[in-house]
Every structure is written in structure tokens, then in C-alpha cells.
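Asks: Attaching a single structure in C-alpha cells format; questions to follow.
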Amino acid sequence: MSKRFMSIWFRHLLTDWHVRRQPGLQDMPFVLTTPVHGRMIITSASPAAEAQGIRTSMSLADAKAIVSSLQAFDDEPERGTQLLKALGEWCIRYTPVVGIDLPDGLILDVSGCTHLWGGERPYLKELITKLRAIGYDVRGAMADTIGTAWAVSRYGKITPIINNGEQADAIMRLPPAALRLEEDVLARLQKLGLYQIGSFMNMPGSVLRRRFGQQLLIRLGQALGYETEAIEPLHPIPPYEERLPCLEPIRTATGIEIALKVLLEQLCLRLQKEGKGLRTAILKGYRVDNRMVQTEIGTSRASHQPEHLFRLFELKIPTIEPALGIELFTLEASKVEDVASLQEALWIGNPGLKAPAVSELLDRLAGKIGEDSIRRYLPAEHYWPERSIKQATSLEEKPATVWRTDKPRPVQLLSKPEAIEVTAPIPDYPPMLFRYKGKLHEIRKADGPERIEREWWLDMDGGEHRDYYTVEDTEGQRYWLFRSGHYSGNQSQWFIHGFFA
């Protein structure tokens, strides 16, 4: 497929923006100015001002001598770049590759996109029509090269669409300024009577280089396709993204579901061929009111199963507001991982976390109650009970050690032990009574002590330790208590650390 580029020229970018903000300026002559060496110089002029002879680079004083009612506004240096960036992001609905062409244009790589709108002419017509509808005076052209598209959009007078391989015929009658040359080069060409590109296009390269420098050869080569010219896109293209433009704006949940299924089939087929699966995916909808809506899903294990992924998105469809309608859908796999090919067994006795059904169930639960509500814990190599577990990052993470099962452990462990008041007869005996949160518990049964010490490298002078007791009160409730350090009469510190079932 040959490359195709489109150049969009905003003839009055900044003044059009002012008119959009203040509609009363529509037919009034006004300019934007900036101070240069103590004088106010015009940087942009409205169409009404240009019609009365006002031009850029003219001083404001000279302009007002021509048009006494001329209004002037301060030019903001970064306004043009901000506007082009916003307009470029709006154009992403037509192609994922959009670049800014300062000071007043955009460059679009439309390769492989135009057929979705019925061809190049309907594509260009719709884009230009919509930009004009929101208040911008624009011209556009399409060609095999950026240079030719740029030249025709600004200086062409016949057709805005240049067929494949016809760059030379398209630019030969245009002025040298259509090649984006510097002012001194243009002045030398003018002095020699070279008023059209065709008058020097076929001259030997050595002659052109000697008289006009290397820049002319580069620009001429870029326009004709001999030199490559790349676009710096506003947003790098996601490696895994599918696009679906709509013939008619989509306003219903059923329409969104149909579009989502089509995108998932395309994306999952590509992922499956490459042995990959997505962990996170973003569905974006570009609405006719120039707004974008999106929703996102995540999976606990890389997946390329469209049915499972659709069920996850299905929970989020009610949150998508189509408003007047969505005209373009994109599906982006923002995080992708390799998918391990699992050998299928005739029967599975205990599949555990490796079973696809488990990960799919967890994904659906996460979509309903939130991903942060589901946690998996692994044993950690620490003696202190509150530090002996850690949260797993995924279903694939392996434990560094085994769970300790030789001693009873509470079902609910407090993240931080809480102090309690205890009555104990002698040092090595379990407590008879303890008070927790204002309630007095009388202990009927007890087991212990179990001494747990910290790692020796954390306490070089003997090591801190705890003596744990499993106790049961007269109501049948069981608790995990401990005394911190050695018994020392009234100075002993007791804590509650967990609750048994």
C-alpha cells in the first residue's frame, strides 16, 4: 500500500478562534499584534482586515492609517500551538497519525483510512466540512508526499486530490514558495526569474545545490518522493489498536455492543496469532459533539478470548454516554503479555489458580466490586505474624516459602496488635481475665505459650520476643493473645492479635 498524506491549512487560525469566542467580530476588521523593537507589529489579520489591505508584518500604526476602525488584540505566543494540538487530537477520529505543522497546519497520514469513509474524496470533504462547521477557514489536499500535499493545500487551484505518482505534474506550475523554502532562497529564485517550480525542477542537482544550497534539493525531493519525510504524531500509535468508524452515529447500547464485538474479534485474532493476551484494554468512543467517552477493563491473567473480554466490557457499557451519537470506536490493548500455551488434560483433579475459569471469575468479580476488593496473599519469610504475609501482584506469582501449618493461626489477624488489660496469676500462666474495648472476658480454656522471636539480625542484643496464647472465653469465642517481652510484674504488656473462627 502506497503512503497517502493529507495537509490541512488553517488560513486564519488565530483570528477564527477569536471569532468563535466573540461572534460579534465575524465581519469586523481586527488584527493580533505583538511588540517588536518598540513597535506593535501585526501577526494575524482577519479576512475583513485583509480585504481592506491589512497584511501581517505591518505595523499597527500604518494599519490604522488605512482602516481607522481597526481593532487590535494582543497575540499570545503559545496560543497557535495549543489550538493546533487540540484540533489535531480532534482529527484522531479520522486517522491515528496526526502531526502539527507550525504555524498554521496539520499533517495527517491517511494511508489505509480513506476507504472507511467511501474513498479519498468523501473522506477529505467530510473532514474539511466539519472543520468549517465549527468556525475555521480551512483548505486541504491529499497526495503521496507531505511536500506535495502541503503545496497544493496552500497554492493549488485545480484539484485537492493528487493521484498516485502525479506529484511532479501537480507542483510544476506552483510558485517556489510552495516548497517551504527560506526567504533568502526565494529571493534568489525571484531575482533569476524562476517563478514556477517547473522552471528549475529538472535542472541538474549540482547546479541547484551550488546556486541555492542543499535545502532546495531536500524540499524538492520531499515533494517528489525522492526524500523521506516523517510525521511526529501527537500520540504514538498503540501497537495493539483497532478502529471502527460508523456509517451512522451509534446512540443505543445494542449498537455499542455490536461495535465492541467486532473490535474484540479483530484485536483478539491479532493477539492470538502473536501468542499474546491483553491485561488492560480501553474502549473509546468519539461522539459527534466533538467529545470522547471511554471505559477500561483489566484481567488477572493475559487473555485473548473475545467472549470473556466482552462479558467484562458488558458491565461497563451502561456508563458510556453516546449523547447525539458515537461516530468512531477504538479499542486499545494498553498492556499486553505473552500467553503461555497450557496443555489440555482429559481430566483435571485440582486445577487451582491455573484454571482459566478461575481467572475469568475473578475478572468478572473485579468488574462488579472493584479490582482493589480482590486480593491474593502469599507467605513471606518473616517471624512476626503481621509481617509473615504479603499481597501477590498476580495469579502467576509463586510463593518464596510454604505456609506454616504446624501451629494454629487465627482466621482474622489484626494488622497491628492492640493493647489489652490482663490479669494473670504467675509469669508462665495464661491470663484469667482480659479487657478489650471496654468488655471484660473471662477465660475458660487456654493453650500456650508459643514463643515467637524476631529475626536475629534485627536485634543484635538478645532479640525481642512474644509469648502467644490461644484462649477461649465463657461465651465460646477464641482469641490470640501475647505478652511482649519477659514477665516483669506490673510492667508486662499484653496485646490481642487475632480472632479464631
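The values are calculated or read from the model by the stated rules, or taken from the named source; none is laboratory data. Note that the structure is a prediction, hence the values are computed from the model and not measured. Note that each Cβ is placed from the backbone with ideal geometry, even for glycine, and that neighbours are counted across all protein chains shown. For the accessible areas, the whole protein counts, side chains as well, though only heavy atoms, and no ligand, DNA or RNA atoms are used. Shrake-Rupley method; radii C 1.70, N 1.55, O 1.52, S 1.80 Å.
Asks: Could we say that G352 is at positive phi and either at pLDDT 65 or above or touching a helix residue (DSSP H, G or I) at 6+ places or on another chain (Cβ under 7 Å) (or both) here? Before the answer, list the steps.
Replies: On the way: at positive phi: yes; either at pLDDT 65 or above or touching a helix residue (DSSP H, G or I) at 6+ places or on another chain (Cβ under 7 Å) (or both): no.
Against the criterion (at positive phi and either at pLDDT 65 or above or touching a helix residue (DSSP H, G or I) at 6+ places or on another chain (Cβ under 7 Å) (or both)), G352 does not qualify.
Asks: Right, next: Evaluate region 61-75: report whether one residue or more is without any contact (Cβ under 8 Å) to a residue 24 or more places away in the chain, under 21 Å from G135 (Cα atoms), out of contact with any Cys (no Cβ under 7 Å at 6 or more places or on another chain) and open to solvent by 50 Å² or more (accessible area, probe 1.4 Å).
Replies: no
Asks: Checking S57 against (1) in contact with a strand residue (DSSP E or B) (Cβ under 9 Å, 6 or more places away or on another chain); (2) surrounded by 12 or more Cβ atoms within 10 Å (Cβ to Cβ); (3) of a type in the set (S, T, N, Q), which test does it fail?
Replies: (2)
Asks: Ok, one more. Just the residues that are open to solvent by 70 Å² or more (accessible area, probe 1.4 Å) and either at pLDDT below 85 or assigned to a strand (DSSP E or B) (or both), please, taken from region 408-418. Working first, answer last.
Replies: Residues of region 408-418 that are open to solvent by 70 Å² or more (accessible area, probe 1.4 Å), as a first pass: 408-409, 411-412, 415-416.
Passing the criteria: Q412, S415, K416.
Asks: So in region 76-103, with the set limited to residues that are in contact with a helix residue (DSSP H, G or I) (Cβ under 9 Å, 6 or more places away or on another chain) and farther than 25 Å from Y123 by Cα, which one is most open to solvent (accessible area, probe 1.4 Å)?
Replies: E76
Asks: Which ranges mark the strands (runs of 3 or more DSSP E) fully within region 220-336 that have 2 or more residues being more than 23 Å from G118 (Cβ to Cβ)?
Replies: Details: elements: 241-250, 276-287, 292-303.
Here the list reads 276-287, 292-303.
Asks: Another one. Across region 110-139, which residue is least open to solvent (accessible area, probe 1.4 Å) among those that are under 23 Å from L14 (Cα atoms) and among the small types (G, A, S)?
Replies: G135
Asks: Which of the residues spanning region 96-116 are modelled with pLDDT under 90 and not aliphatic (A, V, I, L, M)?
Replies: Initial filter on region 96-116 (modelled with pLDDT under 90): 96, 112-113, 115-116.
If the condition is that a residue be modelled with pLDDT under 90 and not aliphatic (A, V, I, L, M), then P96, G112, C113, H115 are the ones that fit.
Asks: Considering only residues that are touching a residue at least 40 places away in the same chain (Cβ under 8 Å) and aromatic (F, W, Y), which ones fall in region 150-178?
Replies: The one that is touching a residue at least 40 places away in the same chain (Cβ under 8 Å) and aromatic (F, W, Y): W150.
Asks: While we're looking at this one, here's another question. Determine if region 1-24 includes at least one residue that is assigned to a strand (DSSP E or B), of a type in the set (F, W, Y) and closer than 12 Å to Q71 by Cα. Talk me through it step by step, then tell me what you get.
Replies: Looking only at region 1-24, we keep the residues that are assigned to a strand (DSSP E or B), and these are 5-10.
Subset that is of a type in the set (F, W, Y): 5, 9-10.
Add one more test, that the residue is closer than 12 Å to Q71 by Cα, and what stays is none.
No; the residues of region 1-24 include none that is assigned to a strand (DSSP E or B), of a type in the set (F, W, Y) and closer than 12 Å to Q71 by Cα.
Asks: Now for a separate question. Filter region 1-18 down to residues that are open to solvent by 20 Å² or more (accessible area, probe 1.4 Å), among the aliphatic types (A, V, I, L, M) and over 14 Å from F73 (Cβ atoms), then give me how many there are.
Replies: Adding up the residues that qualify gives 1.
Asks: Just to verify a result, which residue in region 195-240, among those that are among the aromatic types (F, W, Y) and open to solvent by less than 40 Å² (accessible area, probe 1.4 Å), is nearest to Q272 (Cα to Cα)?
Replies: Initial filter on region 195-240 (among the aromatic types (F, W, Y)): 195, 200, 212, 226, 240.
Checking the rest, the ones that are also open to solvent by less than 40 Å² (accessible area, probe 1.4 Å) come to 200, 212, 240.
Working: F200: 54, F212: 54, Y240: 12 Å.
Filtering region 195-240 for residues that are among the aromatic types (F, W, Y) and open to solvent by less than 40 Å² (accessible area, probe 1.4 Å), the one nearest to Q272 (Cα to Cα) comes out as Y240.
Asks: For D144, indicate whether it is assigned by TED's automatic domain parsing to the domain that holds F200 and either under 24 Å from L83 (Cβ atoms) or open to solvent by less than 20 Å² (accessible area, probe 1.4 Å) (or both).
Replies: Values: assigned by TED's automatic domain parsing to the domain that holds F200: yes; either under 24 Å from L83 (Cβ atoms) or open to solvent by less than 20 Å² (accessible area, probe 1.4 Å) (or both): no.
Criteria not met by D144.
Asks: Which residue out of L181, L194 is without any contact (Cβ under 8 Å) to a residue 24 or more places away in the chain and over 22 Å from S2 (Cβ atoms)? Explain how you work it out, then say what you get.
Replies: On the way: L181 fails: without any contact (Cβ under 8 Å) to a residue 24 or more places away in the chain.
The conditions single out L194.
Asks: Looking at region 429-450, is at least one residue aliphatic (A, V, I, L, M), open to solvent by 100 Å² or more (accessible area, probe 1.4 Å) and within 57 Å of the chain's Cα centre (by Cα)?
Replies: No: region 429-450 contains no residue that is aliphatic (A, V, I, L, M), open to solvent by 100 Å² or more (accessible area, probe 1.4 Å) and within 57 Å of the chain's Cα centre (by Cα).
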